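Worksheet for the structure shown next.
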Amino acid sequence: MSKLLRRREVVAELLAKRGDTLVIAGLGAPAWDITHAGDHELNFPLWGAMGGAAMIGLGVALAQPKRRVLVITGDGEMLMGLGALATIAVAKPRNLAIVVLDNERYGETGQQETHTAHGVDLAGMAKAAGFAHACTVRTQAEVSRLKQRIYSGAGTLFAQIKVEGERLPLVLPPREGSLLKNRFRAALLGPEAAHQ
Amino acid sequence: MKKTAESAWPDEVHALLEAAGVRQVAIVPDAGHARLIRLCEKDKSMRVVRLTTEEEGVALLAGAWLGGEKGVLLMQSSGVGNCINMLSLPLACSFPLLMLVTMRGDHGEFNPAQMPMGNTTQPVLEALGVIVKRVDTAEDVTEMVSSTMRLAFNTYRPVALLIGQRIQGAKDFRKLTQSVPK
């Protein structure tokens, strides 16, 4: 068994040369990870709303069909909103990718095990829900292939990336919700966003 | 056939939503919303998103607004209970959110299981800080949807309109044991 992937390296690679990709991050470690890769106007990191990251991604993807939308979240967050896998598979947005960084733990609350530590297969659930492409990623080569697939932009995509359960220093994004929302909209929609 | 106020409001509300540029219609079906849902599904300017649970709709419509689109969440009062923590998202970020809630556990309810949530829908939402309006007469539904929608999108906050069970009539379970309506 090779060494597990490290979450911040994975996220840094996925977000390098992201262009105008719209990124939503689930609360906790995924929000710190995308911020570690570089705070960005087109990031919408969550501070709460656990279970909602993938659905926020769907709303953005339907509103912006020409943009790539990437949701980066954790296994605990995804487990809280599993129904979203069914809803998204049925909605079939062509431009939405959901990436779950699966450390098999609730990292922010004391490293308690999640169901994925006991065999729950999120990629299998996504596939069974109807995702055209759903995979489990364990190696660097697979991360590179995933990145290609994310940015080639065809179809709804789900990836469960098995990562090390390491504890890392937090890298906090701004936490005021209106600021995060308004800067995202201004960067995406231009100054007229303020007058919608 | 001329429509009565009871049957006309879904058509009027659909026209209102369309004119306001509502593009994403998030639904968990309810009998009270059945006609409005059908009208939205036929409307090519709208995208109806079926949910597994109502809180998905709260998150979906936050995403819609991030992407520059307006939406509406159609649900039954029991679904409000499913939304509570997710409503922290529009509340903390000042997202506009229009929720049209058909009431159960309200006027002449038959099903005891509908009572706890139906009877507390309004205070629960208000305790959270959601603005709540209510309509109990069919002829006022369209005007109330219009004003509620303006509150949501002009003042950037979650707003719910409760559509009273009296408007839709309580479901008669005993009658349904005799025959299934077409």
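The values are calculated or read from the model by the stated rules, or taken from the named source; none is laboratory data. Please read all numbers here as calculations on a predicted model, not as lab measurements. Don't worry about glycine lacking a Cβ; one is built from the backbone with ideal geometry, like all the others, and counts go over all protein chains shown.
Do the conditions hold for residue B:101, that is, is it more than 10 Å from chain A (Cβ to nearest Cβ), closer than 27 Å to residue A:25 by Cβ, in contact with a Gly (Cβ under 8 Å, 6 or more places away or on another chain) and not hydroxyl-bearing (Ser, Thr, Tyr)? Spelling it out, it is not the case that residue B:101 is more than 10 Å from chain A (Cβ to nearest Cβ), closer than 27 Å to residue A:25 by Cβ, in contact with a Gly (Cβ under 8 Å, 6 or more places away or on another chain) and not hydroxyl-bearing (Ser, Thr, Tyr). In summary, helices (runs of 4 or more DSSP H) completely within the stretch B:87-182 and bearing 2 or more residues that are under 20 Å from residue B:59 (Cα atoms) occur at B:88-93, B:121-128, B:141-155.
Determine whether the stretch A:2-22 contains at least one residue that is crowded, with 19+ Cβ neighbours inside 10 Å, β-branched (Val, Ile, Thr) and within 14 Å of another protein chain (Cβ to nearest Cβ). Yes - at least one qualifying residue is present in the stretch A:2-22. With respect to the numbered conditions (1) among the charged types (D, E, K, R); (2) in a loop (DSSP other than H, G, I, E, B); (3) out of contact with any Lys or Arg (no Cβ under 8 Å at 6 or more places or on another chain), which one is the sole condition not fulfilled by residue A:41? Answer for residue A:41: the failing condition is (3).
The residues of the stretch B:106-125 that are without any contact (Cβ under 8 Å) to a residue 40 or more places away in the chain and either within 14 Å of residue B:136 (Cα to Cα) or of a type in the set (A, V, I, L, M) (or both), listed by number, are B:113, B:115.
Scanning the stretch B:27-66 for residues that are surrounded by fewer than 24 Cβ atoms within 10 Å (Cβ to Cβ), part of a loop (DSSP other than H, G, I, E, B) and within 7 Å of another protein chain (Cβ to nearest Cβ) yields B:52, B:53.
Checked against the criterion of being at pLDDT 95 or above, in contact with a His (Cβ under 9 Å, 6 or more places away or on another chain) and surrounded by fewer than 22 Cβ atoms within 10 Å (Cβ to Cβ), the candidates B:81, B:164 yield just one match: B:164. Scanning the stretch A:27-53 for residues that are closer than 21 Å to residue B:70 by Cβ, touching a strand residue (DSSP E or B) at 6+ places or on another chain (Cβ under 7 Å) and among the aliphatic types (A, V, I, L, M) gives a single hit, A:42. Annotation note: of A:100, A:71, A:90, the sole residue that is closer than 20 Å to residue A:170 by Cα, at the interface with chain B (Cβ under 10 Å from one of its Cβ atoms) and among the hydrophobic types (A, V, I, L, M, F, W, C) is A:71.
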